[in-house]
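Read the structure below first, then the notes.
The values are calculated or read from the model by the stated rules, or taken from the named source; none is laboratory data. Treat the numbers as computed from the prediction; the structure is a model and nothing was measured. Cβ: placed from backbone, ideal geometry, glycine included. Neighbour counts: every protein chain shown. The protein model used for the area step is the full one, side chains on, heavy atoms only, and it has no ligands, DNA or RNA in it. Shrake-Rupley method; radii C 1.70, N 1.55, O 1.52, S 1.80 Å.
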Amino acid sequence: MSAVMPLPSVPTRARTVHARRGGWLAVALIVLALCLLALGTAVGSMGLENLLPALWNPQGDSAAHAMAQQIVWDIRLPRTLGAWCAGALLGLAGAVAQGLFRNPLADPYLLGSASGASLGVAIALALMGGGVGMLGGAQSAIAISVYSSHWLVRLGLTGAAFVGAVLAVLLTLVLARGVQHTLRLLLAGVVVGVVLGALTSLILLLSPDSLQAMQAFLLGSTGFVGWTSCVLMAAVWLLCLVVAWLLARGLDGLALGEATALSLGLRLAPLRAALVAVLALATGTAVAQTGLIAFVGLAAPHLVRAAVSVSHGRLMLLSSLMGGALLAGADLLARGLLAPQELPVGVLTAVLGGGYLLWLMHRRTSPGGLL
């Protein structure tokens, strides 16, 4: 992207005020993430008041100490951190999608990645016989303990979801004949999503034993996230965030319109290709680890815009932090509302996120609103 002309700037004082507000919002979201991580060790069927004595007294009951250590360090902490990482990936992908398509209703699943991941998991479950998978909660733990190769099963489902998501995006690019036309890319993503969703339904009809396991994937779950998944998602998040930050100037230009962006010297085809790659990688990684979790990628950028007005670089960072906080908070609610039973976290995010967007639309279309 050589010879890029400087973009029109806002007044210096207004830019300084917005930058300061964005900085305070970033600090608040980081503090909130740390608080949620601490709360993640306390929420569960066994309260923290029962775990701490055994955890900090290794000289006492060794069995109780080992159990407390496993619950806190091997289950609750990686699950909460993994939920934050998945939400951060979805929030980043949502901001990228909305900037790429210049549509505030765009979400990370717009290019067919969700349908592709679902199809990949459905095929994997059908090949495995549908007896194991992401059943969620205590049922999943019991089912997995029966199978000695449970980690191979988990690896197979994760890989199938990621490969399915990436192949769906590639199919969308083929149907759209590249990334030159945003509208064609959008329509191709809708078509791919519908077709792959129909194929998933057909496979589930032919393999009814996979329905229960598939349901957990479609509803979203953070129950299987471990330290390996956390490290993977954190590495992908950092990579995508760096690339998106480098492309943010191009998104600022694209927001002014394609004609204006071209006049500024932006090379739109490489820019769109790189943004689609970031979108596919971030979404595919999150979906592969936690299943389909709705509205996080859509709501996170809206919440940031409601608080501050910033450029796309800061918007993507703040949306990522906001997405992590949303999903980590939703995971805590899913564990605590009906304890010891758990709600599917994807259902909770859909209800809360959908309710927020409905309220936002009602406020904007009211007589005193913006529209």
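Of all residues in segment 196-231, how many are in contact (Cβ under 8 Å) with a residue 24 or more places away in the chain, assigned to a helix (DSSP H, G or I) and more than 14 Å from ALA122 (Cβ to Cβ)?
Residues that pass the stated criteria total 4.
What do you reckon, is LEU281 open to solvent by 10 Å² or more (accessible area, probe 1.4 Å), touching a helix residue (DSSP H, G or I) at 6+ places or on another chain (Cβ under 8 Å) and outside any helix (DSSP H, G or I)?
no
Is it true that some residue in segment 213-234 is open to solvent by 30 Å² or more (accessible area, probe 1.4 Å), at pLDDT 90 or above and farther than 30 Å from ARG335 by Cβ?
Among the residues of segment 213-234, not one is open to solvent by 30 Å² or more (accessible area, probe 1.4 Å), at pLDDT 90 or above and farther than 30 Å from ARG335 by Cβ, which makes the answer no.
Does any residue of segment 316-331 turn out to be in a helix (DSSP H, G or I) and among the acidic types (Asp, Glu)?
The answer is yes; a qualifying residue exists.
Looking at the structure I just gave you, is ALA86 assigned to a helix (DSSP H, G or I), at pLDDT 90 or above and either open to solvent by 30 Å² or more (accessible area, probe 1.4 Å) or within 24 Å of GLY159 (Cβ to Cβ) (or both)?
In short, yes.
All but one of (1) within 15 Å of SER118 (Cβ to Cβ); (2) touching a residue at least 60 places away in the same chain (Cβ under 8 Å); (3) assigned to a helix (DSSP H, G or I) hold for LEU185; which doesn't?
Failing condition for LEU185: (1).
Report yes if some residue within segment 255-262 is part of a helix (DSSP H, G or I), open to solvent by less than 10 Å² (accessible area, probe 1.4 Å) and at pLDDT below 90; otherwise report no.
yes
State yes or no: is ARG177 of a type in the set (Lys, Arg) and modelled with pLDDT under 80?
no
Name the one entry in VAL347, VAL296 that is open to solvent by 20 Å² or more (accessible area, probe 1.4 Å), within 22 Å of THR158 (Cβ to Cβ), among the β-branched types (Val, Ile, Thr) and out of contact with any strand residue (DSSP E or B) (no Cβ under 9 Å at 6 or more places or on another chain).
The conditions single out VAL347.
Against the conditions (1) under 14 Å from GLY291 (Cβ atoms); (2) open to solvent by less than 10 Å² (accessible area, probe 1.4 Å); (3) at pLDDT below 85, where does GLY136 fall short? Just the number, please.
Among (1) under 14 Å from GLY291 (Cβ atoms); (2) open to solvent by less than 10 Å² (accessible area, probe 1.4 Å); (3) at pLDDT below 85, GLY136 violates only (2).
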